[in-house]
Amino acid sequence: MNSENGTVYMIRGHDSDEWVSPEPAEAVITEALFDATDLTEDDIDYIGSYVDAAKLRAVVGDGDDDTVTFDIEGREVTVTAGGDVTVA
């Protein structure tokens, strides 16, 4: 997910004391989507076509917003500032 400011990254697992590495938001979101549904890579487009990078960055990067919710192929995806991704 690229924008004028580059790839959006997420950090998962901040509850632990061990070091964690940021992951590209697109990878985190698609992993959650594939785990929760029967969708495959062939079924979805680039994540940036479903959610604006600036809106996602406002949640996982800047902390201006608590959550962002968007639709991917009929599934509601919510990303939180804590790096959680839920698929309904």
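The values are calculated or read from the model by the stated rules, or taken from the named source; none is laboratory data. Since this is a predicted model, take the numbers as computed values, not measurements. Ideal geometry is used to build each Cβ from the backbone, glycine not excepted, and the neighbour counts take in all protein chains shown. Heavy atoms of the whole protein, side chains included, go into the accessibility calculation; ligands, DNA and RNA do not. Shrake-Rupley method; radii C 1.70, N 1.55, O 1.52, S 1.80 Å.
Provide a single number: the residues in the stretch 51-88 that are of a type in the set (Lys, Arg) and open to solvent by 70 Å² or more (accessible area, probe 1.4 Å).
Counting residues in the stretch 51-88 that are of a type in the set (Lys, Arg) and open to solvent by 70 Å² or more (accessible area, probe 1.4 Å) gives 1.
May I ask you to list the residues in the stretch 51-88 that are in contact (Cβ under 8 Å) with a residue 40 or more places away in the chain and assigned to a helix (DSSP H, G or I)?
53, 54, 56, 57, 60
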